Number of protein chains: 2
Amino acid sequence: MSELATELALIAAKRDENDELRAKRDEFVLDTTVYLDGNSLGALPKAVPGRLADVVAREWGELRIRSWDESGWWTAPERIGDRIAPLVGAAPGRIVVGDSTSVNVFKALVAAVRLAPDTRDEILVDATTFPTDGYIAESAARMTGRTLRAVEPGEVASAVGPRTAAVLVNHVDYRSGRLHDLPGITAAVHAAGALAVWDLCHSAGALPVGLDEHGVDFAVGCTYKYLNGGPGSPAYLYVRSEHQASFDSPLPGWNSHADPFGMTPGYAPADGALRGRVGTPDILSMLALEAALGVWDGVSIESVRAKSLALTDFFLECVAAYVPEGRVTSVTPAAHAERGSQVALRCSPELSASLEQGGTPNAGEVMRRLIARGVVGDFRRPDVLRFGFTPLYVGFADTERAARVLAEVLADVSG
Amino acid sequence: MSELATELALIAAKRDENDELRAKRDEFVLDTTVYLDGNSLGALPKAVPGRLADVVAREWGELRIRSWDESGWWTAPERIGDRIAPLVGAAPGRIVVGDSTSVNVFKALVAAVRLAPDTRDEILVDATTFPTDGYIAESAARMTGRTLRAVEPGEVASAVGPRTAAVLVNHVDYRSGRLHDLPGITAAVHAAGALAVWDLCHSAGALPVGLDEHGVDFAVGCTYKYLNGGPGSPAYLYVRSEHQASFDSPLPGWNSHADPFGMTPGYAPADGALRGRVGTPDILSMLALEAALGVWDGVSIESVRAKSLALTDFFLECVAAYVPEGRVTSVTPAAHAERGSQVALRCSPELSASLEQGGTPNAGEVMRRLIARGVVGDFRRPDVLRFGFTPLYVGFADTERAARVLAEVLADVSG
């Protein structure tokens, strides 16, 4: 190990020692891998396997149908919503869990548009959005007779106007890791008389969101990234208190009925956020999520944010120290106020060319080699390496190692 | 035991001995309860707990993000769709699993309407439908600018006409257990130039459906009843071969994109039924379902149907033998061609009055007492007792016992 590496490793060890979240790491199933892909799929919390085994063997296997009542299955969507609420700055009763993020984007955006007068004939969508939001927004626009216009999040304030019904923005850009100004953009949207819908997939569980405080109208998010709910675990929908009585869902399934077991042919919506429920909730995935959320006991999202920034800062420092200049460029903002909990590095065109000569066309090969050496991030076309930092289980030594192995891989591939 | 009971018990024992599906019972976790609520939540197949434990501990816990590829998570929706296909008479490539039944009703009905010209301005919905289909159909009508009209399934043939875009019918009535004429109604709908959408929740896994054979346009169903997928396990969507190229989903999430990892802002739909996918699939629930479907190995749906009819016939015989006339009335058709796999008994008004005098207002009390004595069915307001017969794990002795205990409970409550 070089002198530089020794020095950085010592710094890392000291920071890990002083890390107030360090004990949380023991609540996850981990191995010698440096897992920097929690922004795609969170690691397995140790509480999940035992709880899920009990749900299957006892609640389903023995109690069977009785569990809808006796095991609290029926109320899981709102109960788990209340468990997520403090992590995103929401009071109880405002979040309901269920369906995928895409389906919840549809509910939220259509509901937002329905609160606007017909003269507001336009929906604005984040031009840098994770694609599914854009596809679903297009459908929501088509089905509500609105046009859809894509604008950069930084331009929402100037683009929003009297024709805007609603605006859909990603809180953190999935590709670059850029954190958008939720309070400022929401205020600008409101000043124009429109409604703000936020996608929290890449922020919830990584940083404070403040949904109630900033008057966000609707929000959606997944639970399998920083909330560690498991592959494809159910998403959630937040409905601002002021909109709950007028929330008009495009998916009014029987689970959102005021009296679902009345089984009347006419629809009468339930009160509150549970109007966002649709069909029968997928209990196995949902209760795995509930068990996974136990890791948040005693954790403040502010301390998570502080550690997240310290980790991404340190990663950028280590990359700068280990990787010769020009080989990779961070596309993640340096300013803390603009950074989520990931670092995205773009591979230089020179590197791509060099890789091509070796028959390996792109940054995907760099990521494959990183993974083979026990550093797991992911690759987003065409040339971005993503490294997600989950403060509950990623440490500073992990971070130093990731940067060091990255430098080794880059040296290998570009000879 | 009375002479009558002894005789019926002997008949039951003989039929159980000759039951070619009898060994299947050993593939489920059962106890001394007579479980006649598999039409609400199927019993736990023994293969599920071990498989799910492996999915959690190894696929999620160890392989983590790599499992999307290496463990076949990404392709689960269509792979499991192909596993369900033969049970409902569909060729491979026509069914995709995911989301709830309600969400799939929305996809199917909107997609069906979009295949019709604007002059077809009406949707017909089964007046006896499970409520969620009606609520969602109302939303689909509103969002596609059509009007919704409720008609009895038996009247579809006369009601469908040149203004009809699509017709949504339940294959089996969830309350009465009546089986509707899928081939005849579908043909009548087609003769009028409209499209037929079927809800198979109460038929799939209990009787032959013949989706391809009868030219059904779209179909949806849940997997937690006769398919034993577990509480809230994902539903499925069938898209007729002829409609796959023009299938225009109202929920075009990124999972239905032709190149989902291209992550392009423009939507380009995938080919085939997987265009019915939306967001990230809930893998835990989905792979539990896949494991549960293993019980169908070597089972023909025709033999399931034969046993189902034998069981419901026998239950009706035993009820007639044990319960004094007039106490309960079957609302399930006697004709095999009109019967699903459940028997619904209406409690007589006299009984309700008698129960009221005792402070117990309705048939719900009869069901509570049945459950307390180890016979589990369910209760649907205002006065219906439902008994579902899952041929893979319900036997004739169970059936005789259920009728006998019912007679005892009814004798108790009406003094």
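The values are calculated or read from the model by the stated rules, or taken from the named source; none is laboratory data. Note that the coordinates shown come from a computational prediction; the quantities given were computed from them, not determined experimentally. As a convention, Cβ positions derive from the backbone with ideal geometry for all residues, glycine included, and neighbour counts pool all protein chains shown.
The residues in the stretch B:97-142 that are at the interface with chain A (Cβ under 10 Å from one of its Cβ atoms), of a type in the set (A, V, I, L, M) and surrounded by fewer than 20 Cβ atoms within 10 Å (Cβ to Cβ) can be counted, and the count is 1. Any chance you could count how many residues in the stretch A:253-277 are in a helix (DSSP H, G or I) and in contact (Cβ under 8 Å) with a residue 12 or more places away in the chain? Residues meeting the conditions: 7. Under the condition of being more than 8 Å from chain A (Cβ to nearest Cβ) and assigned to a loop (DSSP other than H, G, I, E, B), which residue from the stretch B:45-80 is surrounded by the fewest Cβ atoms within 10 Å (Cβ to Cβ)? It comes out as B:T75.
Looking at the stretch B:284-327 only, could you name the residues that are small (G, A, S) and part of a helix (DSSP H, G or I)?
Within the stretch B:284-327, the subset small (G, A, S) is B:285, B:288, B:291-292, B:294, B:298, B:300, B:303, B:306, B:308, B:310, B:320-321, B:326.
If the condition is that a residue be small (G, A, S) and part of a helix (DSSP H, G or I), then B:S285, B:A288, B:A291, B:A292, B:G294, B:S303, B:A306, B:S308, B:A310, B:A320, B:A321 are the ones that fit.
Can you tell me which residue in the stretch B:230-253 is nearest to B:L211 (Cα to Cα), limited to those that are within 8 Å of another protein chain (Cβ to nearest Cβ) and over 24 Å from the mean Cα position of the chain (by Cα)? The qualifying residue nearest to B:L211 (Cα to Cα) is B:P252. Taking the stretch B:291-308 only, how many residues are in contact with a helix residue (DSSP H, G or I) (Cβ under 6 Å, 6 or more places away or on another chain) and either hydroxyl-bearing (S, T, Y) or away from every other protein chain (no Cβ under 12 Å) (or both)? Counting residues in the stretch B:291-308 that are in contact with a helix residue (DSSP H, G or I) (Cβ under 6 Å, 6 or more places away or on another chain) and either hydroxyl-bearing (S, T, Y) or away from every other protein chain (no Cβ under 12 Å) (or both) gives 4. Counting only residues that are surrounded by fewer than 17 Cβ atoms within 10 Å (Cβ to Cβ) and either in a loop (DSSP other than H, G, I, E, B) or outside the structural domain of B:M367 (by TED's automatic domain parsing) (or both), how many does the stretch B:7-44 have? Qualifying residue count, the stretch B:7-44: 5. Of all residue pairs spaced 6 or more apart or on separate chains, those with beta-carbon atoms under 8 Å, a first member in the stretch A:159-182 that is within 12 Å of A:A127 (Cα to Cα) and a second member that is modelled with pLDDT of 95 or more and among the acidic types (D, E) are A:L168/A:D126; A:L168/A:D133; A:L168/A:D199; A:V169/A:D126; A:V169/A:D199; A:N170/A:D126; A:N170/A:D133; A:N170/A:D199.
Tally up the residues in the stretch A:259-286 that are surrounded by 24 or more Cβ atoms within 10 Å (Cβ to Cβ), within 7 Å of chain B (Cβ to nearest Cβ) and hydrophobic (A, V, I, L, M, F, W, C), please. So the count comes out to 3. Taken as a whole, the structure places A:S256 among residues that are touching a Ser or Thr at 6+ places or on another chain (Cβ under 7 Å) and either more than 8 Å from every other protein chain (Cβ to nearest Cβ) or not charged (D, E, K, R) (or both). Of B:R25, B:R94, all but one fail to be among the charged types (D, E, K, R), away from chain A (no Cβ under 12 Å), within 25 Å of the chain's Cα centre (by Cα) and closer than 27 Å to B:Y322 by Cβ; the exception is B:R25. For the stretch A:160-183, check the following and say yes or no: at least one residue is out of contact with any strand residue (DSSP E or B) (no Cβ under 7 Å at 6 or more places or on another chain) and farther than 21 Å from A:R339 by Cα. Within the stretch A:160-183, one or more residues are out of contact with any strand residue (DSSP E or B) (no Cβ under 7 Å at 6 or more places or on another chain) and farther than 21 Å from A:R339 by Cα. Only one entry in B:G42, B:G50 is farther than 25 Å from A:L370 by Cβ and touching a Phe, Trp or Tyr at 6+ places or on another chain (Cβ under 7 Å), namely B:G42. If the condition is being surrounded by fewer than 21 Cβ atoms within 10 Å (Cβ to Cβ) and either over 18 Å from the mean Cα position of the chain (by Cα) or modelled with pLDDT of 95 or more (or both), then the stretch A:369-383 contributes A:R369, A:I371, A:A372, A:R373, A:G374, A:R381, A:P382, A:D383. Residues of the stretch B:204-232 that are buried (at least 24 other Cβ atoms within 10 Å of the Cβ) and farther than 19 Å from B:G388 by Cα: B:L211, B:V216, B:D217, B:F218, B:A219, B:V220.
Got a number for residues in the stretch A:216-252 being in a loop (DSSP other than H, G, I, E, B) and farther than 25 Å from A:P117 by Cα? Going through the stretch A:216-252 one residue at a time, the tally reaches 14.
All conditions in (1) more than 13 Å from chain A (Cβ to nearest Cβ); (2) farther than 30 Å from B:T332 by Cβ hold for B:S158, with the sole exception of (2). Counted as qualifying within the stretch B:118-187 are the strands (runs of 3 or more DSSP E) with 1 or more residues that are charged (D, E, K, R), namely B:122-126, B:147-151. Given the structure, is A:D99 assigned to a loop (DSSP other than H, G, I, E, B) and over 13 Å from A:H243 (Cα atoms)? It is true that A:D99 is assigned to a loop (DSSP other than H, G, I, E, B) and over 13 Å from A:H243 (Cα atoms). Flag not set for A:R305, criterion: more than 19 Å from the chain's Cα centre (by Cα) and at pLDDT 95 or above.
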